[in-house]
Amino acid sequence: MRATITAVAGYLPDDVLSNADLEKMVDTNDEWIRTRTGIEERRILKDPTKATSDMGAEAVKTLCEKRGMDAAEIDLIIVATVTADMHFPSTANLIAHKVGAVNSWGYDLSAACSGFIFALTTGAKFVESGQYKKVVIVGADKMSSIIDYTDRTTCILFGDAAAAVLLEPSEEHGIIDHKLHVDGNGANFLRQKAGGSLFPPTHETVENKEHVIWQDGKPVFKAAVKGMADVSYDIMQKNNLKPDDVAWLVPHQANLRIIDATQRRMGLPKEKVMINIQKYGNTTAATIPLCLMDWETKLKKGDNIILAAFGGGFTWGAVYLQWAYDTH
Ligand code: COA
């Protein structure tokens, strides 16, 4: 028994933050951002009364509509996020309530930009065991809630979004293999310093802007290029996949140069790589399902697909799956 993706849906806030907008906020320019990252604009959830669970709930509602199912049929919701609405209850709890998933349980999973593939791998096990028939995996992040919009080194990179997939049992297609890694030394280069149990919020932590993303970009970039390229190559080797066998690479969208390095290492032509970073920036846990959403109509039953990610923690990995349906 395999777990296979049978539907995909996403939610993008309406407000656009373009490179031109950022030029008015910090000392940067469109050319620098485009050549260093590939990003042209991102979406921002401006409504102060809305949070990650609201975007996630919209994605799950659309997912249910697309699959023609009632939310009460969902067995389990796993939400990959680093921007939970609050420390507790979990975002999964809030989403289940908002969509009417009254028979579901759920939990949040924290693996930053690799969150979606970690959650997908975890959720697949509940389906493969035969225990559950409908597991929803959500990748959702309101990154604007943890960004300092006076820090030009981070504020240009991130956007807000949510996207979700439905996992169901299949004897034919589905998730075949995964290779996932963590390295806690990564905390030295990319983290949110305060707000957790190590440094609970104080006047001082707020004044020092320690509740936002802090990043030492260069070492993160180097680790990401190596981590994402190596693991994508490794999963091909492990499954005897040649470049011709792979229909699509679905890379986490953090930086176009990291994606290019991964594509080259895998020996794939550019046309096989899903890239939408120019439109949305880095939406952390949402990037990979957003790509699946944007490319859904091009995917064919039986396509060999590699999902690959690298993120804070450090966390990184790849998933090999076979696509289950044609969209007409
Ligand atoms: N606009 C203009 N100039 C900027 C800038 C901006 N937004 N941000 C930084 N700079 C400047 C720097 O101050 C530096 O100036 P200096 O040479 O005078 O010191 C110069 O540009 C080069 O900065 P550097 O940090 O070396 O650039 P880079 O090529 O490493 O690109 C990142 C910066 C952040 C785009 C890149 O390091 C990166 O993508 N890192 C990984 C990020 C990531 O993926 N994080 C999430 C985990 S998945």
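What to note about this one:
- So D30, is it in the same structural domain as G130 (by TED's automatic domain parsing) and touching a strand residue (DSSP E or B) at 6+ places or on another chain (Cβ under 7 Å): no
Rundown of residues vs (1) over 30 Å from G302 (Cα atoms); (2) crowded, with 23+ Cβ neighbours inside 10 Å; (3) more than 13 Å from the ligand (Cβ to nearest atom); (4) assigned by TED's automatic domain parsing to the domain that holds H252, yes/no style:
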residue: T6; (1), (2), (3), (4): no, no, yes, no
residue: Y11; (1), (2), (3), (4): no, yes, yes, no
residue: K50; (1), (2), (3), (4): yes, no, yes, no
residue: G56; (1), (2), (3), (4): no, yes, yes, no
residue: L63; (1), (2), (3), (4): no, yes, yes, no
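- Contacts under 8 angstrom Cβ, first residue in the stretch 104-119 being closer than 13 Å to V135 by Cβ, partner within 14 Å of the ligand (Cβ to nearest atom), 6 or more apart: L109/A80; L109/G115; L109/F118; A119/A80; A119/A111; A119/G139; A119/A285
- Scan of the stretch 179-195 for residues that are among the small types (G, A, S) and closer than 14 Å to A112 by Cβ, ordered by number: G184, G186, A187
- Filter result (without any contact (Cβ under 8 Å) to a residue 40 or more places away in the chain and within 12 Å of the ligand (Cβ to nearest atom)) within the stretch 261-295: A261
- Strands (runs of 3 or more DSSP E) contained in the stretch 1-45 and holding at least 3 residues among the charged types (D, E, K, R): 41-44
- Scanning the stretch 110-145 for residues that are within 14 Å of the chain's Cα centre (by Cα) and among the acidic types (D, E) yields a total of 1.
- Of the residues making up the stretch 144-157, those that are of a type outside the set (V, I, T) and under 15 Å from E210 (Cα atoms) are S144, S145, D148, Y149, D151, C155.
- Exclusive hit being within 16 Å of the ligand (Cβ to nearest atom) and surrounded by fewer than 17 Cβ atoms within 10 Å (Cβ to Cβ), set D216, D234: D216
- Matching residues, the stretch 52-78, being assigned to a strand (DSSP E or B) and touching a Leu at 6+ places or on another chain (Cβ under 7 Å): I78
- The C-beta contact set for the stretch 302-328 (first residue part of a loop (DSSP other than H, G, I, E, B), second residue of a type in the set (S, T, Y), distance under 7 angstrom, 6+ apart or interchain) comprises A324/T4; A324/T6; A324/S170; Y325/T6; T327/T297.
- Residue in the stretch 89-98 that is modelled with pLDDT of 95 or more, surrounded by 24 or more Cβ atoms within 10 Å (Cβ to Cβ), assigned to a strand (DSSP E or B) and in contact with an Asp or Glu (Cβ under 7 Å, 6 or more places away or on another chain) present: no
For (1) buried (at least 17 other Cβ atoms within 10 Å of the Cβ); (2) assigned to a loop (DSSP other than H, G, I, E, B), each residue gets a yes or a no:
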position: H87; (1), (2): no, yes
position: A101; (1), (2): yes, yes
position: Y107; (1), (2): no, no
position: A119; (1), (2): yes, no
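- Scanning the stretch 173-205 for residues that are over 30 Å from Q322 (Cβ atoms), surrounded by 12 or more Cβ atoms within 10 Å (Cβ to Cβ) and touching a residue at least 12 places away in the same chain (Cβ under 8 Å) yields G186, A187, F189, L190, R191, Q192, K193, A194, G195, T205.
- Residues that are in contact with an Asp or Glu (Cβ under 9 Å, 6 or more places away or on another chain) and within 9 Å of the ligand (Cβ to nearest atom), drawn from the stretch 24-47: V26, N29, I33
- Test: T262 is assigned by TED's automatic domain parsing to the domain that holds G311, β-branched (V, I, T) and crowded, with 17+ Cβ neighbours inside 10 Å: yes
The values are calculated or read from the model by the stated rules, or taken from the named source; none is laboratory data. What you see is a predicted model; the values in this text were computed from it and never measured. Backbone-built Cβ (ideal geometry, glycine too); neighbour counts: all protein chains shown.
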